[in-house]
Amino acid sequence: SVKKAERGQVALHNATIQNAYLNKIKLKDRLKQALKEKTLTVYYQPIVNADTHHITKLEALVRWFDDEYGMVSPGTFIPIAEEFGLIHLVGQFVLEKSCQDLAQIHKAGFSDVGISINRSVSEFKASINQVKLITSAIENAQIPYDSITIEVTESLATNRYTWRTLNELRKHGVKVSLDDFCTGYSSLSNLIENQVDYLKIDKSFVDSLMSDLNKQVMIDCLIKLSDKLSIDVIAEGVEHLSQLEKLRELGCHHIQGFFYSPAKPIEACLTLLHTNAFVEFAGAERETAAE
Ligand code: C2E
Ligand code: MG
Ligand code: MG
Ligand code: MG
């Protein structure tokens, strides 16, 4: 009967929710374990000056390789860490590791390179002194304050308190970047009211750039506004040469994406720096074009 079928569906629906919940709990437990055993790691994705093809910064992206699940993406486990109060542990691990790795990069002779660290808005709470945590990690690693950028995603949760903390960090010289701009909640008033050093155009925006003239107009305006506010615009998720060329034409010269490189372990990034990898690559491109 219809009623029976409906009941069946409800039961199935409940079972799905319960499974999702149990999966989440299990993932949370394994993450806790990984944090305890310090088996998380950090990969770095180059941010490149598209005019010189030099790496200017590396974005620290946390990586978790679990024995059972394999590689779990941060898009999956960061929200779980936030929900179960583990985000501070993840954040502290990434912060310390990134500062230490940057010290190594500077010692290798690349003192102009900086690191950009993602920080969840939920990490900015009155009970936790983010300014102290971040400046201490920088001091311990003996790297300059302005070689560290903190990336936050603008969201409804980006409240006064978060902005105040970010401003305090800026007074120390730490840079602030507004991540995933042009998505969801981004607002121009936030840009004007709060000082940031960088803003990152989200991948979803870059994806439709070539086919959507409106997006090109928006980026053009955004770059003009950012120039006035002394903000550098970075495009993320750039995969194709056509996108890179369009972005440069619109005045965006800081590029991040698979076109140059995905996130890699520190050793691989040092190799990219030592071999001046992208400059060579651009040279080869020019030669091919000249032939
Ligand atoms: P995000 O900060 O916007 O980072 C960019 C994401 O896009 C990264 O994914 C990166 O690998 C990916 N990406 C970059 N270029 C390309 C491209 O050309 N094509 C494609 N398909 N993807 C590209 P990932 O590493 O999976 O990180 C996802 C999100 O997880 C990050 O987005 C960030 O919000 C969060 N996250 C990562 N690491 C941390 C962390 O240490 N702390 C916190 N709080 N969040 C983190
Ligand atoms: Mg980011
Ligand atoms: Mg981003
Ligand atoms: Mg993004």
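Numbers at a glance
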item: Boolean, residue 155 is assigned to a loop (DSSP other than H, G, I, E, B), surrounded by 14 or more Cβ atoms within 10 Å (Cβ to Cβ) and within 16 Å of ligand 4 (Cβ to nearest atom); result: yes
item: Candidate set: region 117-135, residues that are over 17 Å from the mean Cα position of the chain (by Cα) and without any contact (Cβ under 8 Å) to a residue 40 or more places away in the chain; chosen: the one surrounded by the most Cβ atoms within 10 Å (Cβ to Cβ); result: 130
item: Neighbours by Cβ (under 6 Å, 6+ apart or cross-chain): first from region 83-98, β-branched (Val, Ile, Thr); second buried (at least 18 other Cβ atoms within 10 Å of the Cβ); result: 87/81; 87/120; 87/122; 87/123; 90/81; 94/42; 94/60; 94/62
item: Residue list for region 136-176, restricted to those being under 18 Å from the mean Cα position of the chain (by Cα), of a type in the set (Gly, Ala, Ser) and at pLDDT 95 or above; result: 147
item: Count of residues meeting criterion [in contact with a helix residue (DSSP H, G or I) (Cβ under 8 Å, 6 or more places away or on another chain), modelled with pLDDT under 95 and of a type outside the set (D, E, K, R)] in region 54-71; result: 1
item: Residue count for region 162-207, restricted to those that are more than 14 Å from ligand 4 (Cβ to nearest atom) and farther than 18 Å from residue 133 by Cβ; result: 11
item: Which listed residue, of 261, 204, is out of contact with any Lys or Arg (no Cβ under 7 Å at 6 or more places or on another chain) and at pLDDT below 95; result: 204
item: Checking residue 76 against (1) within 30 Å of residue 242 (Cβ to Cβ); (2) within 16 Å of ligand 4 (Cβ to nearest atom), the condition it does not meet; result: (1)
item: Of all residues in region 237-254 being within 15 Å of ligand 3 (Cβ to nearest atom) and free of Cβ contacts under 8 Å to residues at least 40 places away in the same chain, the one that is farthest from the chain's Cα centre (by Cα); result: 239
item: Test result for residue 215, away from ligand 3 (no atom under 16 Å from the Cβ), surrounded by 17 or more Cβ atoms within 10 Å (Cβ to Cβ) and at pLDDT below 95; result: yes
item: Selection within region 91-121 - assigned to a helix (DSSP H, G or I), more than 14 Å from residue 43 (Cα to Cα) and of a type in the set (Val, Ile, Thr); result: 121
item: Residues located in region 165-211, provided they are exposed (fewer than 15 other Cβ atoms within 10 Å of the Cβ) and not in a helix (DSSP H, G or I); result: 173, 184, 185, 187, 195, 208, 210, 211
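For every residue, the table says whether it meets (1) basic (Lys, Arg); (2) in a helix (DSSP H, G or I); (3) crowded, with 18+ Cβ neighbours inside 10 Å; (4) within 16 Å of ligand 2 (Cβ to nearest atom).
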site: 6; (1), (2), (3), (4): no, yes, no, no
site: 13; (1), (2), (3), (4): no, yes, no, no
site: 25; (1), (2), (3), (4): no, yes, no, no
site: 28; (1), (2), (3), (4): yes, yes, no, no
site: 68; (1), (2), (3), (4): no, no, no, no
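The values are calculated or read from the model by the stated rules, or taken from the named source; none is laboratory data. Predicted model, so just to flag it, every value in this text is computed and none were measured. Don't worry about glycine lacking a Cβ; one is built from the backbone with ideal geometry, like all the others, and counts go over all protein chains shown.
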